[in-house]
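Single-structure report; data block below.
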Amino acid sequence: MKQTKKLIGIALSLALIFSSSWLYAQQSSPEISEEYSVQISAEVDQLFKDLATANLREKSEIIKQLDQQSGREMLPVYQTMVGGDLYYHKETLQLYRVNDNDQGEETVYSVFSGELVEGQSSKGLKKVRVNNKLRKQLRGSIARIQLLFGEKAERKAAVETMLSGISPETVTLFSEAAEKEQDQEVLDLLRIGEAMNTVTTSTDSEERVAAVSTLSGRLETPVRNLLSTLVAQDSEGVFRESDAAVRAEAESALQAIDEKISFYGLMEKLFFGLSLGSVFLLAAIGLAITFGVMGVINMAHGEMIMLGAYTTYVVQLLMPNHLEWTILVAIPAAFLVSGSVGVVIERTVIRFLHGRPLETLLATFGISLILQQLVRTIFSPLNRQVSTPEWLSGSIELNPIFSLTYNRLSILIFSLIVFGVLMLIMKKTSLGLNVRAVSQNRNMAKAMGIKTERVDSMTFGLGSGIAGVAGVALSQLTNVGPNLGQSYIIDSFMVVVFGGVGNLLGTLVGSFSLGIANKFLEPETGAVLANIIILVFIILFIQKRPKGLFPQKGRAAE
């Protein structure tokens, strides 16, 4: 009996201890807000309500309090507030995000989760006012949150933002972040911020020289601006930096930075030249086949490119909920549409003008005008915007002054893939064998039993189809309009003639050569004069090498 009483007493004591601990935990732990569906304390919830109705000066103090009492959960609130999309309910003072939907109607979303708030109209909401001073404070708070609680990309962006305004508070934050930072790239940026602060605040010459040496070769804009001020002179020719050792080190650091800027400037021109060359390659490679095999000067080739671009636009209209996949559907669709139109043109017009280049040129020019007017009638003369998939948006940032955009990089790779596939077709298939036979000696190929008329039709369709694929690529770089193809038809002919008529390797080399030359000339001469210089160069080059870089072989080339 006594043992039973003891057991009951122990059980009651344990129950009392656990219940007391549970009550304490409930009182001390944050509550799950029913309004926001996130874990926030009652103090933060009250600050939200105060933020809704406070004046601009009071909002600044409230944001400081929120910074002290909260962490990453405040990021969507601050970002929404900076964007001017933060609203509050007039009665409950609950915060919401309001944005326009696809139909242009104001729609209410949860400020934390971003989910649509069903049944809540924007009419009962009022906008939370902000000004430029408050936006600057909010951006600083956003950078602080991203630095302490963000992913690597967020932490890196936060440090780069803070470098523009180094202050004692910023340096303290950098030191705090450096203690737990594991990524070397972000850690280097934090050290750069500390070095910049040393340069501007320290009185020790050796410390400042060492700090300037740390900044040498860095490409961040705030670093270069700081070093420029160290070597700058006032209106009377007096250096603003009195320490000669610091000034000399700053000049050396600036020289290293300028050398890097020049190098990456050349790399940027080279990348844009390759990008332009890839567009030339896609536009000209189909023309090289038809021009080389059939000897047809197809002035409607640019319209095949245009049809491919409009096919991309139509595919996006048919798949509005699957924009990420539309470009993958548009590539074969554009090939089929432009290729089919090319076959029709060859069978109805080109076939009856064989051996008459002047009449063929005039006929295809007339076809190009007909196709342009047809597109204007169906889609209107206005340009159409084709959306870029998210996986083609953005860029690879190699350093603060040099980045590779995904769309241009993708088109460069895509053009090489198309070239490789076409080379396989020409080298490894019966169609390619027949095309090469007809291009080298049409009469002999016909005597050997090759149906040259069928080869002509297939060749014209293949060249037109590749032009349509080029239109898909161009739709990711520029607006789609009736005159899209006219911008590239002359360049395509120049590439084919320069590389060698009918030679695919020559088309590859010619397209990239002209693209790179164009981009290196443009900054010095302007776009129009650069095109004129290249045209004059090709004319002079053809005078010396009439058959181009890689002349066609065979009896027909004689």
### Message
Regarding the range 186-193, can at least one residue be identified that is under 27 Å from L398 (Cβ atoms), surrounded by 18 or more Cβ atoms within 10 Å (Cβ to Cβ), under 26 Å from the mean Cα position of the chain (by Cα) and touching a residue at least 24 places away in the same chain (Cβ under 8 Å)?
### Response
yes
### Task
Examine the range 104-116 for a residue that is in a helix (DSSP H, G or I) and open to solvent by 20 Å² or more (accessible area, probe 1.4 Å), and state whether such a residue exists.
no
### Message
Every residue in the range 409-453 that is more than 26 Å from F512 (Cβ to Cβ), modelled with pLDDT under 85 and small (G, A, S), please.
### Response
A437, A445, A447, G449
## Note on the structure
Those residues of the range 154-182 which are closer than 20 Å to E397 by Cα and open to solvent by less than 80 Å² (accessible area, probe 1.4 Å) amount to E154, R155, K156, A157, A158, V159, E160, M162, L163
### Query
Looking only at the range 210-234, which residues are more than 16 Å from V159 (Cβ to Cβ), open to solvent by less than 40 Å² (accessible area, probe 1.4 Å) and in a helix (DSSP H, G or I)?
A211, V212, L227, L230, V231
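Listed here are the residues, each with its yes/no results for (1) among the hydrophobic types (A, V, I, L, M, F, W, C); (2) over 19 Å from A253 (Cα atoms).
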position	(1), (2)
Q182	no, yes
D188	no, no
R191	no, no
P222	no, no
L230	yes, no
F239	yes, no
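Considering each of F335, F352, F365 in turn, give the residue that is open to solvent by 80 Å² or more (accessible area, probe 1.4 Å), in a helix (DSSP H, G or I), in contact (Cβ under 8 Å) with a residue 60 or more places away in the chain and out of contact with any Leu (no Cβ under 8 Å at 6 or more places or on another chain). Outline the logic, then answer.
Details: F335 fails: open to solvent by 80 Å² or more (accessible area, probe 1.4 Å); F352 fails: in contact (Cβ under 8 Å) with a residue 60 or more places away in the chain.
None of the others qualify; the one that does is F365.
Table: residues versus (1) out of contact with any helix residue (DSSP H, G or I) (no Cβ under 7 Å at 6 or more places or on another chain); (2) in a helix (DSSP H, G or I).
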site	(1), (2)
D67	no, yes
M74	no, yes
G84	yes, no
V98	no, no
R135	no, yes
L138	no, yes
L163	no, yes
### Query
So which residues in the range 290-315 are surrounded by fewer than 24 Cβ atoms within 10 Å (Cβ to Cβ), within 27 Å of the chain's Cα centre (by Cα) and under 27 Å from G500 (Cα atoms), if there are any at all?
none
### Query
For the range 422-448, what are the residues that are among the β-branched types (V, I, T) and out of contact with any helix residue (DSSP H, G or I) (no Cβ under 6 Å at 6 or more places or on another chain)?
T429
### Query
Could you list, in sequence order, the residues of the range 382-437 that are over 21 Å from the mean Cα position of the chain (by Cα), free of Cβ contacts under 8 Å to residues at least 40 places away in the same chain, surrounded by fewer than 17 Cβ atoms within 10 Å (Cβ to Cβ) and farther than 24 Å from L281 by Cβ?
S430
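Would you confirm, using the coordinates I've provided, whether L125 is more than 30 Å from L398 (Cβ to Cβ), out of contact with any His (no Cβ under 9 Å at 6 or more places or on another chain) and open to solvent by less than 20 Å² (accessible area, probe 1.4 Å)?
Working: more than 30 Å from L398 (Cβ to Cβ): yes; out of contact with any His (no Cβ under 9 Å at 6 or more places or on another chain): no; open to solvent by less than 20 Å² (accessible area, probe 1.4 Å): yes.
So L125 fails the test.
Which ones in the range 501-524 are farther than 12 Å from F280 by Cβ, surrounded by 13 or more Cβ atoms within 10 Å (Cβ to Cβ) and not charged (D, E, K, R)? Walk me through it before giving the result.
Keep residues of the range 501-524 that are farther than 12 Å from F280 by Cβ, which gives 501-506, 520-524.
Then drop every residue that is not surrounded by 13 or more Cβ atoms within 10 Å (Cβ to Cβ), which leaves 501-506, 520-522.
Once the filter is applied, which keeps residues that are farther than 12 Å from F280 by Cβ, surrounded by 13 or more Cβ atoms within 10 Å (Cβ to Cβ) and not charged (D, E, K, R), the range 501-524 yields V501, G502, N503, L504, L505, G506, F520, L521.
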### Task
Filter the range 340-362 down to residues that are modelled with pLDDT of 90 or more and among the small types (G, A, S), then give me how many there are.
2
### Residue satisfying all of: in the range 235-265; part of a helix (DSSP H, G or I) and polar (S, T, N, Q); surrounded by the fewest Cβ atoms within 10 Å (Cβ to Cβ) among these
S262
### Message
Among the residues of the range 439-457, what is the count of those that are farther than 18 Å from F352 by Cβ and either among the charged types (D, E, K, R) or in a helix (DSSP H, G or I) (or both)?
### Response
6
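Just one of L281, L318 is of a type in the set (A, V, I, L, M, F, W, C) and open to solvent by 10 Å² or more (accessible area, probe 1.4 Å); which is it?
Values: L281 fails: open to solvent by 10 Å² or more (accessible area, probe 1.4 Å).
None of the other options fit; the residue is L318.
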### Summary
Those residues of the range 165-202 which are over 17 Å from T214 (Cα atoms) and either in a loop (DSSP other than H, G, I, E, B) or not β-branched (V, I, T) (or both) amount to G165, S167, P168, E169, L173, E176, A177, E179, K180, E181, Q182, D183
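The values are calculated or read from the model by the stated rules, or taken from the named source; none is laboratory data. Predicted model only: the values in this text are computed from it and were never measured. Please note: Cβ atoms are built from the backbone with ideal geometry, for glycine as well, and neighbour counts cover all protein chains shown. Protein only, heavy atoms only, side chains kept; ligands, DNA and RNA dropped before computing areas. Shrake-Rupley method; radii C 1.70, N 1.55, O 1.52, S 1.80 Å.
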